[in-house]
Each structure stands twice: as structure tokens, then as C-alpha cells.
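A.B. asks: The structure follows.
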Amino acid sequence: MRKLSHPDHLAEWKALILEERPVHAKTIAVTAGTCGRSAGALPVIEALRTEIVKRGLEKTVGLVVTGCHGYCEMEPSLIIYPEEIFYKRLEAADVPAIIGETVLKDKIVSRLVCEDPATGRPAVRPKDIPFYRKQMRLLTEANFHIDPLRIEDYILLDGYQALSRALFDMTSESVIAEVKASGLRGRGGAGFPTGLKWEFCREAHGHPKYVICNADEGDPGTYMDRSLLEGNPHSVIEGMLIGAYGIGASEGYIYVRGDNPLAVNHIGHAIERARKCGLLGENILGSEFHFDIHLVTGAGVYVCGEETSLMASIEGRKPYPRQRPPFPAQEGLWGRPTNINNVETWVNVPLILRQGSAAYAAIGTERSKGTKIFSLIGRIQNTGLVEVPMGISLREIICDIGGGVKDGKALKAVQTGGPAGGCVPASLIDLPIDYDSLVQAGSMMGSGGMVVMDETTCMVDVARYFLDFLQDESCGKCVPCRIGTRQMLEILTRITRGLGEPGDILRMEELAATMKAASLCGLGQSAANPVLSTLRYFRDEYEAHILRKTCPARVCKEIVSAVPASEEPRR
Amino acid sequence: MTPFPKSKDCEENEAAAGMDIHDILKEAGNRQRDLLAILHRIQTACGRIPAEAVPAVARHLHLSPSEVFGVLTFYKSFSLESKGEFTITVCLGTACHVRGGVEIAEAFERKLGIKAGQTTPDKRFSLETVNCLGCCAIGPFVVVNGTHYPHATAKTVEAILDAYQGAEGPA
């Protein structure tokens, strides 16, 4: 690998990689993100390696250890190219059949194939599998192909070409104009227009300027950022490079959650490789543009995902959030103009430059463009990461992609937006999902968690769970959040124990208004959302707990223990 | 991943621990922004941040010891006390909560006779909870020193304790 010092070097390198690449008749791509490994991917990979060597197939069969393919329910899984055969729930014992039958004789091993529940027929290729069929995998498709430890794999998929286009065919103003025209909004939660944010930072006075990638993904039940960092780390780096060029920043930081060691490892490795190739550092691709990225590993504090807290953490100070304004674009890291975007936002940037803002803006709804990755979890048949165009209905996500509620139970609600979000009731299942529709429904997009709840889920317990989380994570700097989350949790705990009093609901609503108005940062301002949104749609459940001392879903143990033994609690 | 990764315990070898911190500081930068990375390295090398290290770190970064102390106690990943040989981490993310993660954590608490966040008196086990490790399809989810245990049940709890109770401790 040589240092790239001219825009043409990218294409030359790609040609060279293609030329030197061994021509394999078959390539096996095994999913090995964090969850794939937890489900047992590594022994499968080891067995595949051994089997390939044992049968002397090193020259004809390639093995790629990729990141997450999104279909967590079926992991460990693999795809055999070129036929695109998807095999699910593998064990090392399946390997001889995979090699002996499929790879050598082109026979499908039917027990490893997914089934289309609608037709009862086998669904062999991802595009036949209901889970993948309605997805639009613009950001996550590369995870099917790339070995995240090989920059060459990213180059083969035209990686860093968008950067080259930005540096040599576009001015920094036109890069920002392009992102503005695409309609991209921040994927971290608030949905602020990305191009506009960049422009604020670009126009701010101060030098140097910084860009930050917020990879402190802490919302329980979300892991799309981890999956992108693990599976396709160079796309994050390329997005940051393009943003930095547009904004005029010379230094970047990636702040990654320490609880995701594989993500830390892969992005760290990618930064080093990019630096060695001259894609980070001085005179990138021979241009006048200098930019480098530092990796900072977080240390297990949820509030560090809040931007002012995150910056304090990078600076080595106690990571308390602070008042805004001034916004980071004016006074950010070390008081300099700083632009912070979330991982998924950054990964959208190379895509926008590759296909052009018009094509990008053609996807989605009027005010929410592109795709969004959701983590579909909870009481759902197909747990996993799904990438769908904005505006898709909740019904399509839950029923078509998710395969419906687990065990044929009735859908009660979908919780979106993480702890700061809210619940969308089953009656709104035809709601088209975008930033604005979710807010109207009393929830929010957030970072993209989607927790499916059925009749066995108690909504008061859910609210209590999130308040327990938020109370624990409140940093304690401001009173409304510190005391408010505590009081709210105490009231909710009383209610779930059958000790609720008439007037509790009113008390919580008053408390919620104070927390929202007076808290310093997003954590406190939105901490009451889980309560408010469940009250909006499931007030009767609160009333059942408070007035009749019953838990309709039979979840709250203290109340349930008072009911006759014939009606055993579910858990 | 190896089943029983080794971690050094400072208490067992004070002299070596002193060396470690000195070496870590020698290699690290000396600006305030280097604090987090330094704390990570000490925590990894020693399994805790020894209180004796705080003044040295503060001097190195031209900070007051109270500033360093304030930062390190803010973060959950850093600990002044040494952890047990095996750290059991129970995920309590939304998906694990819905599937009964709390019961798993409570089972460990009962069996070990400690609360989450504590270490057994024989320093064998530390019990911790974490807010989502993003393995939502295979919860309830437990990690012991980097080894993953998906679909945890009451039986898993016993199996884990049996396996590690009899296991060779780290060197």
C-alpha cells in the first residue's frame, strides 16, 4: 500500500486491488459484529477456515469476516456469493454441509434457509427474505461485503471517491450547498438540518475549527451506530473528511462509547490505516486540505452523549453539560467553533455526494429525507437493525419487516426515541414514520430505537424503567433534573407497588412541566416524556394501578401478588 | 476471546503498580485532554485507579488532585476499589428488561450475597449492571470478563458461577 498523493491514485489503487485480488469461485461473508460474536460466530468462522484448508479450497473459496448484517434474530448467519445464499442460525457443525453441499455442489442446505411465512416457501437470497425485502439499505448494504479491517474492501466499493470529488470538483461552499439541498437532518435525535449546522460553524469566527463524531450511543435498545463503526468504519471517516472540508475544520474527534470494544477497535484501526494511506494528515490526496482524527473512548456515562457534556469530556474536564447558547458552532471545543454530528449522519454524507443531492432528496417525505436505521427490538418476531426510507408506515416495519408481534400476541404500542422518546399506540400503526409525524404523535425519532410492546407489557412499568434509567444517569448539576427524576421515579414506583394515590397523575404532570422548562440539558428536559406519552395513550392503565390496585398486564409484581393464585404473574 | 483474560492487580504487587503508572505517564501527553486516556490505561493495567496514583497524574497534567479525583469518580468505568478476578456484567437494556434481565441480576445478587456494583469479600467476583450492550436479539445478556452468555436464565446463572468458581484465577 502506498501513500495516495493525487486524486487519480484512488482509481489506480482500486484497479490494482482488483488485479491482485484472488479470483474466488465463491465468497462466504460471515456476520461477526458484537452480537454475531455473542451468538457464536467465531467458532463458525474457525470451522469454515479449517474446512476450507482441509479440502484444499484456499484458491477457490474466499472467506470475509464482515460486520453486522442486521438480522440479529438469525445470527450467526452468512451469505455465499455470487448466488447470495443466506444461511441462518449456524453452528460449527453446519460447516461441512455448507462447504460440501453448497459451495462444492451448488445444493441448498434447506435447514439453514429462512422461510417466507406468507407462502411457507424457502427464501434463499436476502432479497427474497421478508425481513430484507422492504428495506432500503443505502448505508448498511456495505456491511454485507466489507471486512472492516481492510481499507481495500472499502476502496473497492468506491470508497473515498466522494471525498475526492469534494476536494477537487467542488468548493467548500458547494459541499455545504449540496448537503443543504439533500435535506439531510441529524440522525442523533433532534433532527436539525445538517447543512445549516455546517454553515453556522463555517461562518463562525475562530480558529481552528473542529468536527466531532458523536459515537457515544447510549440509548438502551439502540446499536445502529455501533454496527456502522464496526462494519464500515471508513464511511464514518470519509463523511467527517467531507464535512471538515466544507466547514474549514482541521481537526476531528470521534467520541466512542467504551462499552463497545469491537467498535473502538475497528474505528481505531481504520483511522490508522487511513493515516498511513494519506487519507488523513496533511495535503490529503495531494490537495491543500489538512485534517486528522483523534479517537476518544468514553467511560460509561450516558450524559456524555449530550453535546456540551461530550466536549467537556474530550477536554478532560468533568463532563457536566452547560447552558446553550452559545451553541457549539459558536463556542465549542476549547471555545472554538465546533460541529457535532452523530455517526449515522456522517455516514450519509459520502452517499449524498456520490449520488447527488437530488437523487438523495427523492427518497423520503417532504421534510425528512433519505433512510433511517431503526433497531427493532422487544416483543417482535424479527429482532434486528432495519434501514428503511423515511415515510414508511409503522405497519410495514412491524408486520412486513419485523414479521409481527412475537407469539401472535396483540400489538399494544411501539416505544420510539429511547428514554427521551415516547410510545406510539397500536391505533396509530399506519402512521408514516418521519421526524415530524412522530413528534405529533407525542414521541420522537431519537436515535432510532423501536421497542415493540404487546399486551403482556405494562406501560406504567415501562415508564418506571425509563425513569429509573434517567434518574441513575442524571449528572446532578441542575436541580430540576436531579430532584425531578428522583421524585418522578418514587411516584411511579409507588404506583407499581399498589401504593398510588389519587392526585399522583396530576402531581407527575406538574413535575413534568417544571423539568421540561427548567432543566439544563436534553436529558432533564425530556426526562418526563416516557411518563407524558404513556399518560396520553394509556391513562386507564395508570388509573387501574392507582384506583383499583391492579396491573392489567400482570407485570407489576407487588400488585399482582395480591391477585388470586389462579392468575399467576407472567414474570 | 479467551475465556479467562488476565488482569494485573495492583494490590498484589505495589512496586510493579508504581512502575506501571510511571510508565503510563511517561508515554502519555501532559495536557488536560490526555486525562481520560491516562485513566483508561491505569484502569486496564491495575484493574482500578489506585488513590496513590491520583497526585502523580495531577502533577503530570498540572491539575489539582481534586480535579482528577472529580473526573475519575464521575465515570462508571473507573473504580478506586480493585475489582474481583471475574467481573459479571448483566445487561439491563430495554430489550433485556422486557425479557427478564432484572431477575438475572437479582439471581446473581442472591447467589453471591452482594449488590450490583460490589465485589465478593474473597475478591473472586464483581457484579455490575450496564444499560444496554446492544445485543437485543439474544437477551437477557451476561458478560463475564469479555465472554458472552446470551439467552441467560436461572440455569445460566448457576452454570456461570460453577464454571468460574472452580476456574484458575488470573495470574
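The values are calculated or read from the model by the stated rules, or taken from the named source; none is laboratory data. No experiment lies behind these values; they were computed from the predicted model shown. All Cβ positions, even for glycine, are placed from backbone atoms using ideal geometry, and neighbour counts span all protein chains on display.
A.B. asks: Which residue, of A:103, A:95, A:30, A:109, is over 24 Å from residue A:381 (Cα atoms), surrounded by 13 or more Cβ atoms within 10 Å (Cβ to Cβ) and in contact with a strand residue (DSSP E or B) (Cβ under 8 Å, 6 or more places away or on another chain)?
C.D. replies: Just one listed residue meets the conditions, A:103.
A.B. asks: Moving to a separate point now. Only one of these conditions is not met by residue A:337: (1) at pLDDT below 95; (2) touching a His at 6+ places or on another chain (Cβ under 8 Å). Which number is it?
C.D. replies: (1)
A.B. asks: Go over the candidates A:174, A:227, A:164 one by one and state the one that is within 14 Å of another protein chain (Cβ to nearest Cβ) and in a helix (DSSP H, G or I).
C.D. replies: A:227
A.B. asks: Looking only at region B:135-169, which residues are of a type in the set (S, T, N, Q), surrounded by fewer than 17 Cβ atoms within 10 Å (Cβ to Cβ) and within 14 Å of chain A (Cβ to nearest Cβ)?
C.D. replies: Within region B:135-169, B:153, B:156 qualify.
A.B. asks: Got a sec? Which of A:42, A:18 is outside any loop (DSSP other than H, G, I, E, B), farther than 21 Å from residue A:373 by Cβ and within 14 Å of chain B (Cβ to nearest Cβ)?
C.D. replies: A:42
A.B. asks: How many residues does region A:45-93 contain that are hydrophobic (A, V, I, L, M, F, W, C) and assigned to a helix (DSSP H, G or I)?
C.D. replies: 9
A.B. asks: Quick check: anything in region A:424-437 assigned to a loop (DSSP other than H, G, I, E, B), closer than 27 Å to residue A:481 by Cβ and among the aromatic types (Phe, Trp, Tyr)?
C.D. replies: No, region A:424-437 contains no residue that is assigned to a loop (DSSP other than H, G, I, E, B), closer than 27 Å to residue A:481 by Cβ and among the aromatic types (Phe, Trp, Tyr).
A.B. asks: Something else about it: Among A:534, A:514, which is among the hydroxyl-bearing types (Ser, Thr, Tyr), on the phi < 0 side of the Ramachandran plot, in contact with a strand residue (DSSP E or B) (Cβ under 8 Å, 6 or more places away or on another chain) and not assigned by TED's automatic domain parsing to the domain that holds residue A:414?
C.D. replies: A:534 is the lone residue from the list that is among the hydroxyl-bearing types (Ser, Thr, Tyr), on the phi < 0 side of the Ramachandran plot, in contact with a strand residue (DSSP E or B) (Cβ under 8 Å, 6 or more places away or on another chain) and not assigned by TED's automatic domain parsing to the domain that holds residue A:414.
A.B. asks: A further question on this structure: Taking the conditions exactly as written (within 14 Å of chain B (Cβ to nearest Cβ), of a type in the set (A, V, I, L, M, F, W, C) and under 24 Å from the mean Cα position of the chain (by Cα)), does residue A:333 satisfy them or not?
C.D. replies: Taking the combined requirement at face value, the residue does not satisfy it.
A.B. asks: Inside region B:74-96, can you point out the residues that are under 12 Å from the mean Cα position of the chain (by Cα), at the interface with chain A (Cβ under 9 Å from one of its Cβ atoms) and hydrophobic (A, V, I, L, M, F, W, C)?
C.D. replies: The one that is under 12 Å from the mean Cα position of the chain (by Cα), at the interface with chain A (Cβ under 9 Å from one of its Cβ atoms) and hydrophobic (A, V, I, L, M, F, W, C): B:78.
A.B. asks: Look at region A:251-268 and say how many of its residues are in a helix (DSSP H, G or I), among the β-branched types (Val, Ile, Thr) and surrounded by 24 or more Cβ atoms within 10 Å (Cβ to Cβ).
C.D. replies: So the count comes out to 1.
A.B. asks: Hey, another quick one. Does any residue of region A:449-468 turn out to be surrounded by fewer than 21 Cβ atoms within 10 Å (Cβ to Cβ), more than 12 Å from every other protein chain (Cβ to nearest Cβ) and modelled with pLDDT under 95?
C.D. replies: Yes, there is a match, as at least one residue in region A:449-468 is surrounded by fewer than 21 Cβ atoms within 10 Å (Cβ to Cβ), more than 12 Å from every other protein chain (Cβ to nearest Cβ) and modelled with pLDDT under 95.
A.B. asks: Return a yes/no flag: does region A:62-80 have any residue that is farther than 17 Å from residue A:227 by Cβ, among the aromatic types (Phe, Trp, Tyr) and touching a residue at least 12 places away in the same chain (Cβ under 8 Å).
C.D. replies: So far as region A:62-80 goes, no, none of its residues is farther than 17 Å from residue A:227 by Cβ, among the aromatic types (Phe, Trp, Tyr) and touching a residue at least 12 places away in the same chain (Cβ under 8 Å).
A.B. asks: Okay, moving on. Quick one: in region B:22-60, of everything that is among the small types (Gly, Ala, Ser), part of a helix (DSSP H, G or I) and out of contact with any strand residue (DSSP E or B) (no Cβ under 8 Å at 6 or more places or on another chain), which residue is nearest to the other protein chains (Cβ to nearest Cβ)?
C.D. replies: Looking at the filtered set, the residue picked out is B:58.
A.B. asks: For region A:119-138, how many residues are buried (at least 19 other Cβ atoms within 10 Å of the Cβ) and of a type in the set (Gly, Ala, Ser)?
C.D. replies: Number satisfying all stated conditions: 1.
A.B. asks: Does residue A:484 qualify as being crowded, with 22+ Cβ neighbours inside 10 Å, touching a His at 6+ places or on another chain (Cβ under 9 Å) and of a type in the set (Gly, Ala, Ser)?
C.D. replies: No; evaluated as a whole, the condition is false for this residue.
A.B. asks: Does any residue in region B:41-59 that is without any contact (Cβ under 8 Å) to a residue 12 or more places away in the chain come within less than 7 Å, Cβ to Cβ, of a residue that is surrounded by 20 or more Cβ atoms within 10 Å (Cβ to Cβ) and not hydroxyl-bearing (Ser, Thr, Tyr) six or more places away or on a different chain, and which pairs are these?
C.D. replies: From residues that are without any contact (Cβ under 8 Å) to a residue 12 or more places away in the chain, the pairs are B:58/B:68.
A.B. asks: Something else now. Mind listing whichever residues of region A:505-524 are in a helix (DSSP H, G or I) and touching a residue at least 40 places away in the same chain (Cβ under 8 Å)?
C.D. replies: The answer is A:505, A:518, A:522, A:523, A:524.
A.B. asks: Which of the residues spanning region A:233-250 are in contact with a strand residue (DSSP E or B) (Cβ under 9 Å, 6 or more places away or on another chain) and assigned to a loop (DSSP other than H, G, I, E, B)?
C.D. replies: A:249, A:250
A.B. asks: Somewhere in region B:121-134, is a residue more than 10 Å from chain A (Cβ to nearest Cβ) and under 25 Å from residue A:264 (Cβ atoms)?
C.D. replies: Yes, because at least one residue in region B:121-134 is more than 10 Å from chain A (Cβ to nearest Cβ) and under 25 Å from residue A:264 (Cβ atoms).
A.B. asks: For region A:287-296, name all the residues that are within 25 Å of residue A:263 (Cα to Cα), away from every other protein chain (no Cβ under 12 Å) and crowded, with 18+ Cβ neighbours inside 10 Å.
C.D. replies: A:291, A:293
A.B. asks: Scanning region B:1-31 for residues that are over 16 Å from residue B:82 (Cβ atoms) and crowded, with 17+ Cβ neighbours inside 10 Å, which turns out modelled with the lowest pLDDT?
C.D. replies: Selected residue: B:4.
A.B. asks: Okay, moving on. Run down B:99, B:110 and say which single residue is farther than 22 Å from residue B:42 by Cα, away from chain A (no Cβ under 12 Å) and either out of contact with any strand residue (DSSP E or B) (no Cβ under 8 Å at 6 or more places or on another chain) or of a type in the set (Phe, Trp, Tyr) (or both).
C.D. replies: B:110
A.B. asks: Separate question: Which count do you get for residues in region A:138-187 that are closer than 19 Å to residue A:274 by Cβ and of a type in the set (D, E, K, R)?
C.D. replies: Selection size over region A:138-187: 6.
A.B. asks: Taking region A:495-504 only, how many residues are in a helix (DSSP H, G or I) and over 34 Å from the mean Cα position of the chain (by Cα)?
C.D. replies: 1
A.B. asks: Pairs, please: C-beta under 9 Å, at least 6 apart or cross-chain, first residue within 11 Å of chain B (Cβ to nearest Cβ) and crowded, with 24+ Cβ neighbours inside 10 Å and in region A:297-324, second among the aromatic types (Phe, Trp, Tyr) and in a loop (DSSP other than H, G, I, E, B)?
C.D. replies: Hits for this filter: A:298/B:75; A:303/A:320; A:304/B:75; A:309/A:320; A:313/B:75; A:319/B:75.
A.B. asks: Now for a different question. Quick check on region A:471-481: of everything there that is more than 14 Å from chain B (Cβ to nearest Cβ) and crowded, with 16+ Cβ neighbours inside 10 Å, which residue is nearest to the chain's Cα centre (by Cα)?
C.D. replies: A:481
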